[in-house]
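Worksheet for the structure shown next.
Nothing in this text is a laboratory measurement; each read-out follows from the coordinates by a stated rule. Owing to the predicted nature of the structure, the values given are computational and were not obtained by experimental measurement. FYI the Cβ positions are ideal-geometry reconstructions off the backbone, even for glycines, and counts take in every protein chain you see.
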Amino acid sequence: MELVKNFKFSKLIKYVFLALIGSLLLAISSKVKIPFYPVPMTMQTLVVVMIGIAFGWKLGLATISLYLFEGIIGLPVFSGTPEKGIGFIYFTGPTMGYLIGFLVTTYFAGKFNYDNNLFKSFLKITFATSFIYLLGIAWLGSLIGWDKPIFKLGAQPFLLAELFKILIATFAANQIIKIKKII
């Protein structure tokens, strides 16, 4: 019985550690800006997908939730913080839909099974990633008005960079699953 308790406790510690590391990687990825056309690219959405693939949907959701909680309470983990504000006010601004989309993306990226079929992996990762933009555009439209060119403002500038990140995730997915099986 004592062995079972110790095993469960060590497993819990492992999951808490992984969630903290994941939220830290996500925060770092939101701050790194890579020159790209037409707008600079962060690696944030790539890390969101990778967290889902590497951690699975349960631990992935816990990790993204921790990251969102950190940002809501005022830690400068979101892209554009602290320059453009922090905390709940920043969270409920124009990027809230995208941030909520991280949860849905992580869920699907973690729920899917990946194998050596790159085309199927590409489709799964594209499907999962699309929720960041679908929810982002929906929130942005409700916030600034649907009479504005919402797609042109909220998705179009990021699509080329997103395709690049989806391709990276597609080629990395099978390797991540192999490593995950060893650990």
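Annotations for the structure displayed:
- Each residue in the stretch 75-89 was checked for being in a loop (DSSP other than H, G, I, E, B) and surrounded by fewer than 16 Cβ atoms within 10 Å (Cβ to Cβ), and 4 pass.
- Lone unmet requirement of (1) surrounded by 13 or more Cβ atoms within 10 Å (Cβ to Cβ); (2) assigned to a loop (DSSP other than H, G, I, E, B) for Thr63: (2)
- The listed residue being touching a helix residue (DSSP H, G or I) at 6+ places or on another chain (Cβ under 8 Å) and either among the basic types (Lys, Arg) or over 20 Å from Glu162 (Cα atoms) (or both), out of Leu26, Leu12, Leu59: Leu59
- Counting the residues of the stretch 26-60 that are in a loop (DSSP other than H, G, I, E, B) and within 10 Å of the chain's Cα centre (by Cα) gives 1.
- Residue that is surrounded by the most Cβ atoms within 10 Å (Cβ to Cβ), among those in the stretch 123-160 that are within 13 Å of Phe108 (Cβ to Cβ) and either touching a residue at least 60 places away in the same chain (Cβ under 8 Å) or among the acidic types (Asp, Glu) (or both): Ile125
- Within the stretch 64-75, residues that are free of Cβ contacts under 8 Å to residues at least 40 places away in the same chain sit with their Cβ atoms under 6 Å from residues that are assigned to a loop (DSSP other than H, G, I, E, B) and crowded, with 16+ Cβ neighbours inside 10 Å, at 6+ positions apart or across chains, in these pairs: Gly71/Val77; Gly71/Phe78; Gly74/Ile86.
- Residues of the stretch 94-119 classified as in a loop (DSSP other than H, G, I, E, B), in contact with a helix residue (DSSP H, G or I) (Cβ under 8 Å, 6 or more places away or on another chain) and not hydrophobic (A, V, I, L, M, F, W, C), total: 5
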